[in-house]
Amino acid sequence: MTLEVFLSYIGWAGTFLYLVNHAYISMMSNWKRTLYFGGNFLAATLLVVQSVYLASWQAVVINGFWMLVSICLLAGMSFDNIKIAAKHYYVVCVSLFVALISLSTLSLLSTGSWASTIQLFGWSSAFVFCSSYFLFSATRISSRAYLILNAYAAIALLPLLWEKQNWPVFALEVAWAAISIYGVAKSYQQVHLID
């Protein structure tokens, strides 16, 4: 077995574990924090290894951050002292999106290439995935907001993953977006989807 094939298996294992974990919190009302964050730590570690090999840096940043947050929570750290208000975070996200559309349009008009746009959306995905995971872990944003932000981040990352041929993470993001959208829809039927 070649190194490339071995790392591909590692990436697919991380993808599978992430999806099981994300489905778990999207569909269960009484989920266990240790199980969720432990699964995320393992999945993130596997995908970091595979993404470093592919030089898929946005995926490395996202999964590396998820590793860090998950291990901190598993070690008993508390993020209760984080004083970021959800409404301020949402303003930052909307501002980022407006700036992203503006910069992407300027880049496309000046260069005629989608390369910069793909990179910009990839990095916006990294920001939204990391910040929403952190704030969700700190119980500063709602479950529904977390799932909406995750749907955006997953979709925004797809063109870059396609370009890098990072198939395990591409498949993960397609399924992640679908699970997130399902969780949002389900949250309108239940008062508390994840909490």
Candidates Lys164, Lys186 - the one that is surrounded by fewer than 17 Cβ atoms within 10 Å (Cβ to Cβ) and in contact with a helix residue (DSSP H, G or I) (Cβ under 8 Å, 6 or more places away or on another chain): Lys186
Ile148: more than 20 Å from Trp57 (Cα to Cα) and in a helix (DSSP H, G or I), yes or no? yes
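Assess whether Glu163 counts as being in a helix (DSSP H, G or I), closer than 28 Å to Tyr24 by Cβ and acidic (Asp, Glu).
Working: in a helix (DSSP H, G or I): yes; closer than 28 Å to Tyr24 by Cβ: no; acidic (Asp, Glu): yes.
Considered against the rule, which asks whether it is in a helix (DSSP H, G or I), closer than 28 Å to Tyr24 by Cβ and acidic (Asp, Glu), Glu163 comes out as no.
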Just wondering, is there one or more residues in the range 59-81 that are without any contact (Cβ under 8 Å) to a residue 12 or more places away in the chain, in a helix (DSSP H, G or I), exposed (fewer than 15 other Cβ atoms within 10 Å of the Cβ) and of a type in the set (S, T, N, Q)? no
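Across the range 127-138, what is the number of residues that are over 11 Å from the mean Cα position of the chain (by Cα) and without any contact (Cβ under 8 Å) to a residue 40 or more places away in the chain?
In the first step, residues of the range 127-138 are kept if they are over 11 Å from the mean Cα position of the chain (by Cα); the result is 135-138.
After this cut, where a residue has to be without any contact (Cβ under 8 Å) to a residue 40 or more places away in the chain as well, the list is 136.
Qualifying residue count for the region: 1.
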The range 20-49, residues that are closer than 16 Å to Trp176 by Cβ and buried (at least 18 other Cβ atoms within 10 Å of the Cβ): Asn21, His22, Ile25, Ser26, Tyr36, Gly39, Asn40, Ala43, Ala44, Leu46, Leu47
Please identify the pairs in which a residue from the range 8-25 that is at negative phi and of a type in the set (A, V, I, L, M, F, W, C) has its Cβ atom under 9 Å from the Cβ atom of a residue that is surrounded by fewer than 23 Cβ atoms within 10 Å (Cβ to Cβ) and at pLDDT below 90, counting only partners at least 6 apart or on another chain. Trp12/Trp167; Ile25/Trp31; Ile25/Ser143; Ile25/Leu193; Ile25/Ile194
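Output the residues belonging to the range 1-19 that are farther than 23 Å from Val184 by Cα and buried (at least 16 other Cβ atoms within 10 Å of the Cβ).
Taking the range 1-19 as the starting set, the residues that turn out to be farther than 23 Å from Val184 by Cα are 1-14.
Of everything in the range 1-19, those that are farther than 23 Å from Val184 by Cα and buried (at least 16 other Cβ atoms within 10 Å of the Cβ) turn out to be Leu7, Ser8, Ile10, Gly11, Trp12, Ala13, Gly14.
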Of the residues that make up the range 1-13, is at least one more than 23 Å from Leu147 (Cα to Cα), of a type in the set (Ser, Thr, Tyr) and not in a helix (DSSP H, G or I)? yes
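When residues of the range 82-107 are filtered for being within 27 Å of Thr139 (Cβ to Cβ) and of a type in the set (A, V, I, L, M, F, W, C), how many remain? Give the derivation first.
Keep residues of the range 82-107 that are within 27 Å of Thr139 (Cβ to Cβ), which gives 82-97.
Keeping just the survivors that are of a type in the set (A, V, I, L, M, F, W, C) gives 82, 84-86, 91-94, 96-97.
Looking only at that region, the number is 10.
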Test result for Val91, within 22 Å of Val184 (Cα to Cα), free of Cβ contacts under 8 Å to residues at least 12 places away in the same chain and in a helix (DSSP H, G or I): yes
Find the residue count for the range 109-136, including only residues that are in contact with a Phe, Trp or Tyr (Cβ under 6 Å, 6 or more places away or on another chain) and of a type in the set (Gly, Ala, Ser). 1
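Being assigned to a loop (DSSP other than H, G, I, E, B) and modelled with pLDDT under 90 narrows it down to one of Leu193, Leu172, so name that one.
Values: Leu172 fails: assigned to a loop (DSSP other than H, G, I, E, B).
Sole residue among the options that is assigned to a loop (DSSP other than H, G, I, E, B) and modelled with pLDDT under 90: Leu193.
The values are calculated or read from the model by the stated rules, or taken from the named source; none is laboratory data. Owing to the predicted nature of the structure, the values given are computational and were not obtained by experimental measurement. Heads up, the Cβs are rebuilt from the backbone with ideal geometry, glycines too, and the neighbour counts pull from every protein chain shown.
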